Amino acid sequence: MKKRIGLILLTLVLSVFTLASCGGDYSASIDTEDMYEGGYKGDDVIENGTAVGEGGAIKDETAKIIRIVNINGESKNFEKTTEEIQGQVKDSGGYIESSDIRGGKSYINGSVDERIATYVIRIPADKLDAFLSNTKGLINVTASSESTEDVTLDYYDIQSRLDTLKSKKTALEKMLEKAESLDDILTIQESLYDVIEEIEAYQSKLNLYDNKVNYSTVNLTVQEVVEYTETELTFGERMGKAFSGGWSAFIEAGENIAVGFVYVAPFLIIPIIVGIVFLVIHIVKKRKK
């Protein structure tokens with residue numbers, strides 16, 4: 001009887017300890033839609049205990065930032081460009097999460113449509129800027145945007161709760177080893193299964209964050225075109241383009257004038273010759289008189 005009372009008291013102490021550590025009614029349930037189904041590498045998990053500074057503040061060097069970049073571009077050499085993009089992904093240590101290429105020749109009616117490639121690319125966060133610079137050099141960018149999400153506080157909150165649950169799991173396992181009655185064993189096992197379920201849910205959420213933070217997402221669309229779409233120019237580019245266009249127009253106008261003069265020359269030469277002949281005759285007659 002004394003052993004059973006001791007087990008009950010120990011269970012109550014563990015429960016109070018867990019509630020105090022978790023600090024509120026935080027739900028351990030994780031939406032299944034948020035679970036990442038591939039590409040996560042367990043070796044990328046950040047070590048515990050390195051993120052929180054004095055007073056619970058998060059250090060900048062351990063900030064958990066999720067970056068998502070969207071790029072739309074054009075290419076006159078579609079096959080070469082898509083091959084080079086795939087090479088850039090490989091060289092960056094990333095991977096293509098999904099890809100879709102549509103368009104080209106239709107075997108039904110023989111028509112040819114411009115092809116379009118859509119990629120969801122995952123790039124290591126420290127290689128993202130270099131990858132974007134190289135990729136933008138391969139295509140004519142028509143639109144681009146970037147969004148960031150700071151999940152630092154949520155990440156380390158989950159990590160702290162996970163550590164607490166692991167400690168509780170260890171304590172329950174030790175209690176289970178010492179339990180003697182069947183009722184005690186069943187009660188402890190039930191609590192242990194609940195803790196394990198919570199640990200797995202928190203760990204899945206943490207793995208999801210690790211993957212999204214360590215591997216930034218690039219949503220890339222490349223369209224095959226014959227001529228590039230003109231994008232918005234800077235003031236200097238507009239001035240240069242205006243001068244170049246004006247000079248080209250001046251040269252073209254001069255050429256058109258010269259061609260026009262040559263075109264009407266026969267109509268001008270004959271009257272001039274006739275006029276000269278009449279003038280000469282008039283001068284000769286005047287001298288004779």
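Annotations for the structure displayed:
- 15 Å tail of the calculated P(r), the range 240-289, as % of Cα pairs: 67
- For the range 154-214, a Kirkwood hydrodynamic radius built from all Cα pairs, placed in the Stokes-Einstein relation at 37 °C and 0.692 mPa s, yields a translational diffusion coefficient of 260 µm²/s.
Readers should treat all values here as calculations from the given coordinates under stated rules, not as data from a laboratory. Model, not experiment: these values are computed from the prediction.
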